[in-house]
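To start, the structure under review is shown below, and the notes come after it.
Each reported figure results from applying straightforward, stated rules to the coordinates on display, with no laboratory input. Keep in mind that this is a model prediction, so the values were computed, not measured. So basically every Cβ, Gly included, is an ideal-geometry build from the backbone, and we count neighbours across all protein chains shown.
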Amino acid sequence: ALLLTAPLPSSPEAPKVQVYSRKHASFGEENVLNCFVSGFHPPKIEIALLKNGEPMSGVKYTDMSFNEKWFFERLAYAPFTPQKGDVYTCRVTHSAFKEPQSFRW
């Protein structure tokens with residue numbers, strides 16, 4: 001039997017977005033770019049990692065998970081080698097936003 005301990009949120013909850021590298025970033029050194037998106041509802045969401053406005057290759061995603069209040073979280077990540085002048089962003093599309101939002105690393 002499934003036991004619900006908290007009511008499902010009734011209105012969309014905007015995601016909180018953190019964009020960070022796995023280790024201290026240095027130009028020309030391999031690293032991993034992470035975009036951790038949390039605290040959102042409903043679970044339908046699109047997360048894209050971009051380099052200079054173009055989708056990055058090699059992006060992977062963790063399974064969607066949720067907390068005790070039924071707010072969801074997910075991590076998108078990709079290998080990258082930062083170069084001077086490159087701009088990295090995480091673009092998030094969710095029903096709580098009027099339009100996709102971009103968060104810069």
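So here's what we get for this one:
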read-out: Positive-end residue, the chain charge dipole about Cα centroid, Cβ charges, pick of 45, 33, 64; value: 33
read-out: Pairwise label distance in nanometres, residue 95 with residue 61, each label 7 Å out on the Cα-Cβ vector; value: 1.6 nm
read-out: Cα-Cα over 24 Å, subset of 23/84; 23/69; 23/60; 16/84; value: 23/69; 16/84
read-out: Label of the coordinate-derived value, volume of the Cα convex hull per residue in Å³, listed as (1) 104; (2) 123; (3) 138; value: (1)
